[in-house]
Structures are given as C-alpha cells and as structure tokens.
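See below for the structure under consideration.
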Ligand SMILES: Cc1cc2nc3c(=O)[nH]c(=O)nc-3n(C[C@H](O)[C@H](O)[C@H](O)COP(=O)(O)OP(=O)(O)OC[C@H]3O[C@@H](n4cnc5c(N)ncnc54)[C@H](O)[C@@H]3O)c2cc1C
C-alpha cells in the first residue's frame, strides 16, 4: 500500500496496456472519465463486548439517522465491529455515536473501549449498479471498475476481474483496443 506522501508524488511511466485497480478513488479512472469522485467513507471500530444480536450474521441498518449510507454490526475474531458509511467524512464519528447509542438501547450492547479504528473508502453504489470496464488500452478491475456488490462484497470480484482483464489483454497483446466484450466473456 502506498503512503499518502508516495501517492502525492507525480511521475510518469510508459506502458502499452494499463490495468487500473486503484480502488474506489483511483486517479486513472478519474482522469480518463473526467468524473467526480463517487465514494463512501467507512468508519468502523473493533471492541470487546456483548450484544443481543446473532453474532453469526452481518447486520445492516439503513435508517438514515445512523449513517449517510448504511450502518453495520458484525463479529470477527471475537471483536464486535460497529461501522458506518458516510458521504461527508466529518460526520462519521457523530453517526457512529448515534448508532452505538441505538445498539445499546435496542440490543443491550455493552461495548468496551475500541481497540482499533479503521477509516476506508468504497465506491458509492447507485441505482443501475453500473460497472465501468475501461476502454482502449486502459482497463479497470475491482473497485476501480465498480465491482463492489450492493452487500459490500468486493474481494472475490476484484480477484476475478483482475484475472479476467489480464486474460483479455493477453488475448490481444499486440492490439491497440481491448474489446471489453472479451473481458465480459472471461468473467
Ligand atoms: C470496511 C470495509 C469492509 C469490507 N468488507 C468486505 C468483506 O467482508 N468482504 C468483501 O468481499 N469485501 C469487503 N469490502 C470491500 C473490499 O475491501 C473491496 O471491494 C476490495 O478490497 C477491492 O479490491 P481492489 O483491489 O479493487 O481495491 P483496494 O483493495 O482498494 O486496493 C487498491 C490499492 O491500490 C492502491 N492505489 C491507489 N491508487 C494508486 C496509484 N495511483 N498507484 C499505485 N497504487 C495505488 C491503494 O493504496 C490500494 O492499496 C470491505 C470494504 C470496506 C471498506
């Protein structure tokens, strides 16, 4: 993973083909599509504790009072994970705090001090669920291509689409335009 300082450095590379898999906020796709950023900031905490919710499930709450997108609760490695997605990063802690109060009042959550906090980004999934495969000699994979599904799963599709785009390029290694249909067929 690149540090922010490293990502800030501008340098140029020459390549016949580019596979852009930069995640939800890639500059390659942004530059090619001249598109504004459409991403959601995620904030989640990891704590020990107990709660009256089935810990074998991933629970999603769509009440706009708790998040600007969705709020979730799940358990991993014996830690209670409480997260919110927001469009405006400055709101993430206040939404998280409201969601936590809700879990306490409705599900008897007794949650210790967070041992870890994580801030990340995901693509914003909009109606229509548009996938962008890229064009010409620049193709996209994973979150950069919008392969995150509406349930927030994107790891397997990132692996599969990265593989598929590499296969599509291999099949036309001397061409100038990679046909995205080939890419679709592989997937
Ligand atoms: C809180 C949270 C929970 C999630 N839980 C799940 C889950 O349980 N299951 C699941 O399937 N998915 C989950 N996802 C989604 C999943 O993490 C992503 O869909 C997946 O990581 C996408 O992979 P990617 O390789 O496309 O992008 P990323 O994993 O975002 O990787 C992109 C990489 O490219 C680097 N990069 C960016 N720009 C440049 C550049 N210009 N040059 C070089 N490198 C660059 C970034 O630093 C980053 O390391 C979750 C996401 C979040 C935020």
* Selection from the range 30-44 of residues that are within 12 Å of the ligand (Cβ to nearest atom), out of contact with any helix residue (DSSP H, G or I) (no Cβ under 7 Å at 6 or more places or on another chain) and under 20 Å from residue 92 (Cβ atoms) -> 40, 42, 44
* Asked: Name the residues in the range 14-29 that are more than 10 Å from the ligand (Cβ to nearest atom) and either without any contact (Cβ under 8 Å) to a residue 12 or more places away in the chain or exposed (fewer than 14 other Cβ atoms within 10 Å of the Cβ) (or both), would you?
  -> 14, 15, 16
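Among the strands (runs of 3 or more DSSP E) contained in the range 58-175, which hold 2 or more residues that are away from the ligand (no atom under 12 Å from the Cβ) and surrounded by fewer than 19 Cβ atoms within 10 Å (Cβ to Cβ)? Quick ask: steps written out before the conclusion?
Numbers: elements: 59-61, 71-76, 79-86, 116-123, 138-140.
Here the list reads 59-61.
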* Selection status of residue 31, outside the structural domain of residue 98 (by TED's automatic domain parsing) and not in a loop (DSSP other than H, G, I, E, B) -> yes
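The values are calculated or read from the model by the stated rules, or taken from the named source; none is laboratory data. Model, not experiment: these values are computed from the prediction. Positions of Cβ are generated from backbone atoms using ideal geometry, with glycine treated the same way; all protein chains shown enter the neighbour counts.
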